[in-house]
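A.B. asks: Before we start, here is the structure in question, set down as structure tokens.
Values quoted throughout were computed directly from the atomic coordinates according to the rules given, and no laboratory measurement underlies them. Everything numeric here is computed off the predicted structure, so don't read it as measured data. Because the Cβ atoms are built from the backbone with ideal geometry, glycine has one as well, and the counts that use them run over all protein chains shown.
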Amino acid sequence: MIRVMLSISQHIIIPEEDLCESFIRSSGPGGQHVNKTSTAVQLRYDISRADYLSEAAKTRLRRLAGSRMNVDGVLLIDASSYRSRERNRQEARQRLATLLRRALEKPKPRQRTQPTMASIRNRLEEKKRRSMLKRQRSTRAREE
């Protein structure tokens, strides 16, 4: 396994202890080259060791990572698009950096707005229509 460093922003640089790269054989077509060279990259990033990320950023990263995050809190990124080991390594690191940058962005707080008079009127009219429709379906309406 090869250890590397990754710069996310001018304030955040991931130390090499937190990243772990391993090379595996790619799947899919490619003939002899694919069958005998390990060019695909598996990049592992343990977010529990990331003291430089706030808890809110870690939570956003878990949500963004989805199925790429295992139960131990390790983010696993596979890259096997290219035939070259170095290109796959760059792609995996770039994907991790993109994910981390997105997780570091604080979401804008929602500003509450008042509904317009037209939207209020439309909502109430729709409620009246639904009420009439349901009233017509009732057993009392059928008996009369």
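A.B. asks: Suppose the filter is over 16 Å from the mean Cα position of the chain (by Cα) and either of a type in the set (D, E, K, R) or surrounded by 15 or more Cβ atoms within 10 Å (Cβ to Cβ) (or both); does ASP72 pass it?
C.D. replies: Yes; evaluated as a whole, the condition is true for this residue.
A.B. asks: Related question: Suppose we filter segment 50-106 for residues that are touching a Gly at 6+ places or on another chain (Cβ under 9 Å) and polar (S, T, N, Q); how many remain?
C.D. replies: Total satisfying the criteria: 1.
A.B. asks: Right, something else. Tell me which residues, restricted to segment 57-106, are farther than 26 Å from ILE24 by Cα and out of contact with any helix residue (DSSP H, G or I) (no Cβ under 9 Å at 6 or more places or on another chain).
C.D. replies: ARG101
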